[in-house]
Amino acid sequence: MESESDYLEGQMLIAMPGMEDPRFQRTLIYMCAHSDQGAMGLVVNKVMNNITFPDLLEQLGIQGTGLERDIQVFFGGPVEQSRGFVLHSSDYAQDASLVVNEEYSLTASVDVLKAIADGKGPDKCLMALGYSGWAPGQLESELQSNGWLHVPADEELVFGLDYEGKWPAAVAKLGIDLTLLSGEAGHA
């Protein structure tokens, strides 16, 4: 039986170099929820080039008066890609928000988009379409077969603007030389 500390909520999942699924190659995923019921996270380093945040607001009929920042829209994962999720700093919350920990929350209601458009939203945020999900035991199995590594999340890995540099930065946090990593699982 796993203890609560074995769960990766609030951690960053790092795709191993040998990740075969092209949707997850060189991805960095912020884990929003992880329990014996399964896991859910958002990819934080794959920007969608076919839609902008203002486009998204326009599609939803949201008029913004205070949108002062450039917000990228990310590919959050292959599940429910038409659904939006906002990962944000915990200075903003509403009843619909999932509080991941004292630093991060997740909100999937249109109200957070309205607040951001009006300049009243969270201090830091990341907009994602879709999410990455795992059935009970699936993520644990992928971890055991060397599909993923994990590190503690930090603000730069989650909200940093160097999207291409997030994956190597997360690997560097582990103190590992990427050239020495193999995608092959090995057991003594």
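The values are calculated or read from the model by the stated rules, or taken from the named source; none is laboratory data. Quick caveat, the model's predicted, so the values are computed rather than measured. Counting neighbours? That spans all protein chains shown, and the Cβs are built from the backbone with ideal geometry, glycine included.
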Picked from region 74-108 (must be surrounded by fewer than 14 Cβ atoms within 10 Å (Cβ to Cβ) and not acidic (Asp, Glu)), the residue nearest to Phe24 (Cα to Cα) is Val79
- Query: Quick one: would you say Leu106 is aliphatic (A, V, I, L, M) and not in a helix (DSSP H, G or I)?
  - Reply: yes
The residue that is surrounded by the most Cβ atoms within 10 Å (Cβ to Cβ), considering only those in region 109-132 that are small (Gly, Ala, Ser) and out of contact with any helix residue (DSSP H, G or I) (no Cβ under 8 Å at 6 or more places or on another chain), is Ala128
Scanning region 167-179 for residues that are of a type in the set (Gly, Ala, Ser), exposed (fewer than 15 other Cβ atoms within 10 Å of the Cβ) and either touching a residue at least 24 places away in the same chain (Cβ under 8 Å) or at positive phi (or both) gives Gly175
With criteria (1) touching a residue at least 40 places away in the same chain (Cβ under 8 Å); (2) part of a helix (DSSP H, G or I); (3) surrounded by 14 or more Cβ atoms within 10 Å (Cβ to Cβ), Glu164 comes up short on (3)
Condition set touching a strand residue (DSSP E or B) at 6+ places or on another chain (Cβ under 8 Å) and charged (D, E, K, R), scope region 74-98, selection nearest to Leu60 (Cα to Cα): answer is Arg83
* Within region 141-156, identify whether any single residue is farther than 23 Å from Asp6 by Cα and either at pLDDT 95 or above or surrounded by 12 or more Cβ atoms within 10 Å (Cβ to Cβ) (or both), and answer yes or no. => yes
Test: Gly41 is at pLDDT 95 or above, buried (at least 19 other Cβ atoms within 10 Å of the Cβ), touching a Gly at 6+ places or on another chain (Cβ under 8 Å) and on the phi > 0 side of the Ramachandran plot: no
Note on region 12-54: residues part of a loop (DSSP other than H, G, I, E, B) and aromatic (Phe, Trp, Tyr) are Phe24
Taking first residues from region 39-52 that are under 30 Å from Pro136 (Cβ atoms) and second residues anywhere that are exposed (fewer than 15 other Cβ atoms within 10 Å of the Cβ) and not basic (Lys, Arg), the pairs with Cβ under 6 Å that are 6 or more apart or on different chains are Asn45/Tyr163
#### Entry: Hey, Phe74 in contact with a Cys (Cβ under 9 Å, 6 or more places away or on another chain) and in a strand (DSSP E or B) or not
no
For region 157-175 the number of residues that are touching a helix residue (DSSP H, G or I) at 6+ places or on another chain (Cβ under 7 Å) and not small (Gly, Ala, Ser) is 3
Taking the condition out of contact with any Ser or Thr (no Cβ under 6 Å at 6 or more places or on another chain), surrounded by 18 or more Cβ atoms within 10 Å (Cβ to Cβ) and small (Gly, Ala, Ser), does Ala135 pass? no
For region 41-49, does any single residue satisfy the condition of being farther than 20 Å from Lys166 by Cβ and of a type in the set (Val, Ile, Thr)? no
By residue number, the members of region 108-137 that are out of contact with any Cys (no Cβ under 9 Å at 6 or more places or on another chain) and among the hydroxyl-bearing types (Ser, Thr, Tyr) are Ser109, Ser132
